[in-house]
Amino acid sequence: MAVSASDVGVLTVDDSERFLRAAHDLISATPGFRVVAEAASGAECLAAVQRLEPDLVLLDVRMPVMDGIETARRLSAARPRAVIVLISAEDAVDLPSTAGACGASALVRKQDLRPALLRRLWDAHAPRGESDQSAR
Amino acid sequence: MHEVRPIVWPSQLRLRPGRTAPSLLLLGFLGGGLSCVTLAIAIANETPEPGYAVLEAVGVALLIGVGAYSWARRADRYGRLLVGVGVTYFFVTLALSDNEVVYSVGRVAGFLVAPFLLYALLAFPSGHLETPAARAVVLAAVATVVVLYLPLVPLMHDYPQPYPWGACAADCPSNAFFAGHQPGFVEGVQRVREVIASVIFLAGVGVLTLQVRAASRLMRRTLVPVIAVAGLWLLGFVGLYAGRRIAAPQLVDASSWVLLIAIPLIAVGLLAGMLRWRISEGPALAHLVRRLATYPSPEDLRDAMAEALEDPALEIAYRVGTTTGYADADGNRIDLDRLASGRAVTRVARNDEPIAALVHDRALSDQRDLVEAAGSAALLVLDHHRLDAELRASVRELRESQARILAAADVERQRIERDLHDGAQQRLVALRMKLDLVTEVMERDPARAGALQAEIGDEIDGALDEIRGLARGIYPPLLASHGLGEALDAVAIRCPVATTVRVTDTRRFPPEIETAVYFCCREALQNVAKHARGAARATVEVSGDDTTLRFTVADDGAGFDTAAAAAGAGLVNMRDRVAVAGGHVAVRSRIGAGTTMTGAIPLRDRDEPDGSPGRRRGSPGQSAGRRA
């Protein structure tokens, strides 16, 4: 599939290699989205965002050392242009109450991730003017 | 089981305080004065048998004197009872007078003194009638006097003769209370009542004999002198009645002397019993104290106390834990509410704090002083062994609880294996098959392939749900990462009964404490959902201070009778979990008043060098998470 510079660049953050591979396949198969990079921890994520300036960060909640919520808090404190979306295999009930106030734009279940959902997320949360720009 | 006042070491090894000196002195004057009055009446009347009068005066003085001694030494009701008998006996001696009224008062008192003295003999030495037989005999004696003696007083012109306590023979004063003559009727009743009274007196002798046989060995030594003279007195009455009936002057004369001599002898017998008791108690205690000096082992201590109290079956139960539990020296629980028949309990305490209980022969209840003194003497050794017993009991309990926890863990593992096998594994098997099928029908029947794919999606969602539920049951990730507040919130949201969670202590605690509190509260909330009929809301509260973490789960449901319901597996689970963390759990419930589970876990004595109660594990965001 052809990748254009105007595609939405996605950074996926998860400590599970298996999930990262699945997410890579999903993003590559979704027109208008491209994989910018993958990170296996919160620290890697912070470094990658600064270096690569992705449009969308899919951030796993449950990770060792620095979890997704803390990572999202630090990311948003740096006011990046990236849209942060928390992803988790857990129900929302079983997530820490701080998940709602860490700077993330949305929280979705990993198993619900499909091309259509990616597109909806971007349309809903992209910075003004950017969602139209992105290839459909 | 009888109540025993707390014993205080070491001041208790003296007798309990009795009457004070002035009241003793008053009792002495009373006894002496009344016997002087008796003698004065006899002298004024120039009595033909001065020996009778002297014996009567001595009887009055001795009864009151021995009563005063008992009252002073033992401060019990027996002393008072005996003083009462002495005063009544003084009224009997008024029959020595030739004044019609005084003489008549003496004769009526003669009817009253017999049941009173019988009571005193059967109630020795406690002052209580201990057996139904003793109560029956005294009741019969009182009833006979009330029904067959007192109502006849106004109907008799003269009192029956011969009479041992009077001074007259033929020229006795008439009955001052005489109202109307009924000679035939009175004569008939007199015959009947003398037979009945004789039967009662003989029954009294029988009951006394039975009491001696049932007594402890120590008590038997005390009772024997009393029983000997009491039997003499009771038989004297029978002899007097028989002598009157068959008009045998020698029998009447002999019985009269027996009756007159028996009263002072009874007083002496009671005194001898009390003294013998003291005399045998002293060496027994001295011997016990000598053996205690060697700091005996629990077995030797039991043997020494069994010997001192002359009760070979004596048992020592040590108070263990803060609840009302007792255990033997090996830590085995002893239920003091379920004793073998014939056994009684005396508790040993220091400053109101229970140390141990002696399970002994019921007969020893009469010798509370001795049992208490023996317990007091052994207090330090008992307390030492109590600590050992407590340790053994808690080790035993811990071992049992560990075994239950291991068994519960095995059951839990089996359940998880079964759930995985029946659920997720079967779904994955079906998925594998359907996936192959999709490839197969893709070309031929795209619509069918689409439907199959949708089914595959549903299967996967179902498997994910099941695995998440199982994983959460094994250990909730929120508890490890964010502590009790968040984890309990998640439980409350899933509870079908509206539940409020208030966690006022947001510190983090060692994992075993947080796990115990979490699973306990979750189990309680599951019980609310399952069992609390009509519950509209529930509350979960967790609060803590420097020393203790407390938690409560309460509902407003129908409640249940905690006495009727045995502790179910759920409650035992909760107790075990909390016990591992050194805490305890209680469930209170009343029908119509909901159910409340409360628990507490001590936070002291943990491995914090700075003594801070909880272990902080960094900010919540930096928790040691698990793999997603």
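A simple spin-label model places the labels of B:D253 and B:L464 12.3 nm from each other, with each point 7 Å out along Cα-to-Cβ. What the phi angles of region B:221-238 give under the Karplus curve with 6.51, -1.76 and 1.60, with θ = phi - 60°, is a coupling list of 4, 6, 7, 4, x, 5, 4, 4, 6, 5, x, 4, 5, 5, 5, x, 4, 4 Hz, glycine and proline written as x.
Net length available on complete extension from B:H181 to B:R278 is 29.5 nm, with 0.36 nm assigned per residue and the Cα-Cα distance removed.
Using a Förster distance of 51 angstrom, determine the FRET efficiency expected from the C-beta separation of B:E512 and B:D337, and round it to 0.05. Taking R0 as 51 Å, the efficiency between B:E512 and B:D337 is 0.90. Excluding A:G9 itself, calculate the net charge of residues whose Cβ lies under 10 Å from the Cβ of A:G9, where each Lys or Arg counts +1 and each Asp or Glu counts -1. Net local charge, A:G9 excluded: -2.
In degrees between 0 and 90, to the nearest 10, how far off the longest principal axis of chain B does helix B:100-122 point, with axes built from Cα atoms? For B:100-122 against chain B, the angle is about 40 degrees. Once amide H atoms are placed 1.01 Å from N in the peptide plane, what residues at a sequence separation of 5 or more from A:R62, or on another chain, have their amide H within under 5 Å of its amide H? The answer is A:G68.
For region A:97-108, putting each phi into the Karplus relation 6.51 cos²θ - 1.76 cosθ + 1.60 with θ = phi - 60° gives couplings of 5, 6, 4, x, 10, 10, x, 6, 7, 7, 10, 10 Hz, in residue order, rounded to whole numbers and with x for Gly and Pro. Take each residue of peptide A:67-77, count the partner chain Cβ atoms within 10 Å of its Cβ, and average: the result is 2. Across bins of 20 angstrom width beginning at 0, how are the C-alpha pair distances of chain B distributed, in whole percent? In whole percents, the pair-distance histogram is 15, 29, 22, 17, 11, 4, 1, 0.
For region B:482-616, averaging the sequence separation of C-alpha pairs within contact (under 8 Å, six or more residues apart) and dividing by the residue count gives a relative contact order of 25 percent. Can you give me the angle between helix B:132-144 and the longest principal axis of chain B, using Cα atoms only, in degrees from 0 to 90, rounded to the nearest 10? Once rounded, the angle reads 40 degrees.
Give me the net charge of B:D98's neighbourhood, meaning all other residues with Cβ under 15 Å from the Cβ of B:D98; Lys, Arg count +1, Asp, Glu -1. Neighbourhood net charge equals -4. Distant-in-sequence amide contacts of B:I355, defined by a placed amide H-H separation under 5 Å and a gap of 5 or more residues or a different chain, comprise B:V348, B:A349, B:R350.
Approximating the spin labels as points 7 Å out from Cα along Cα→Cβ, the B:V192-to-B:R590 distance works out to 5.7 nm.
Using alpha-carbon positions, what is the distance between the centroids of region B:375-447 and region B:84-131, in Å? When both Cα centres are located, 78 Å separates them.
Our coupling estimate for region B:336-345, obtained by passing each phi through the Karplus curve with A = 6.51, B = -1.76, C = 1.60 and θ = phi - 60°, is 6, 7, 10, 9, 5, 5, x, 10, 9, 10 Hz, Gly and Pro reported as x. Calculate how steeply helix B:298-308 sits against the longest principal axis of the alpha-carbon atoms of chain B, using the helix alpha-carbon long axis, and give the answer as 0 to 90 degrees to the nearest 10. Once rounded, the angle reads 10 degrees. No disulfide-compatible partner, judged by a Cβ distance under 4.7 Å, exists for the following cysteines of the protein assembly as shown: A:C45, A:C102, B:C36, B:C495, B:C520, B:C521. For the pair B:D330 and A:E53, what calculated FRET efficiency results from E = 1/(1 + (r/R0)^6), where r is the Cβ-Cβ distance and R0 = 51 Å, to the nearest 0.05? That gives a FRET efficiency of 0.10.
Each reported figure results from applying straightforward, stated rules to the coordinates on display, with no laboratory input. What you see is a predicted model, and the numbers here were worked out from it, not measured in a lab. Every residue, glycine as well, gets a Cβ built from its backbone with ideal geometry; the counts of neighbours run over all protein chains shown.
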